[in-house]
Structure formats: structure tokens, C-alpha cells
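What follows is a set of notes on a single structure, which appears directly below.
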Amino acid sequence: MLLNVKASAIAGGVIWGVGFLLITWWLIAFGQANEQTAALISQVYIGYRVDIVGSFIGFFWALIDGAFGGFFFAWIYNFFAKRISDSDAA
């Protein structure tokens, strides 16, 4: 069974993006936002801040990041699944 690469990319992007958005809101709601958190994450996600606007910037970056992750996961999975099924058929 092979994975749909496009669907995996979309699913990975949505899961990572929404998760990142919710984590940022959690930090805001419970007062856990600090400069160290924002500085660390903003090194990877340019423009990210631990506030409402920054959470949507982070969501955008995480959406792209998760889509690439889902795409490559499905692509690598399919690569090995084809090799294994070919060797089983021989």
C-alpha cells in the first residue's frame, strides 16, 4: 500500500500548523511566554513572536514546514514500500 504524497503533505502541514498555533496560544493564555522561547523559535520561523500576530506568522511557517515533512515522509515511505513489494514478488 502506497501513501498519497499530496494528502500527506496537506495533513502534515495542517497538523503542524494548527499545533504550533495552539501551543503559542497556550503560552500566551498561561503566561509562559518569555524572550527565550521567542528568540529560539524565531531563529527558524522568521518573524515569530509569542503574541497573537506572531502566532499566525508561526502558523504560516509551520504549515509550510509540516507540508514538507509530510511530503518527504510519504515519498520515502513509498520508495521503500515499492522496493520491498518488488523483492517479495520476485
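Which label belongs to the value computed from this structure, given these candidates for Rg/Rh (Cα atoms, Kirkwood Rh): (1) 1.02; (2) 0.97; (3) 1.21?
Identified label for the calculated read-out: (3).
Work out, step by step, the length gained on full extension between PHE72 and LEU3: first 0.36 nm times the residue separation, then minus their alpha carbon distance; give nm to one decimal.
So the extension gain works out to 23.7 nm.
Bear in mind these aren't lab numbers, they're just calculated from the coordinates by the rules spelled out. Everything numeric here is computed off the predicted structure, so don't read it as measured data.
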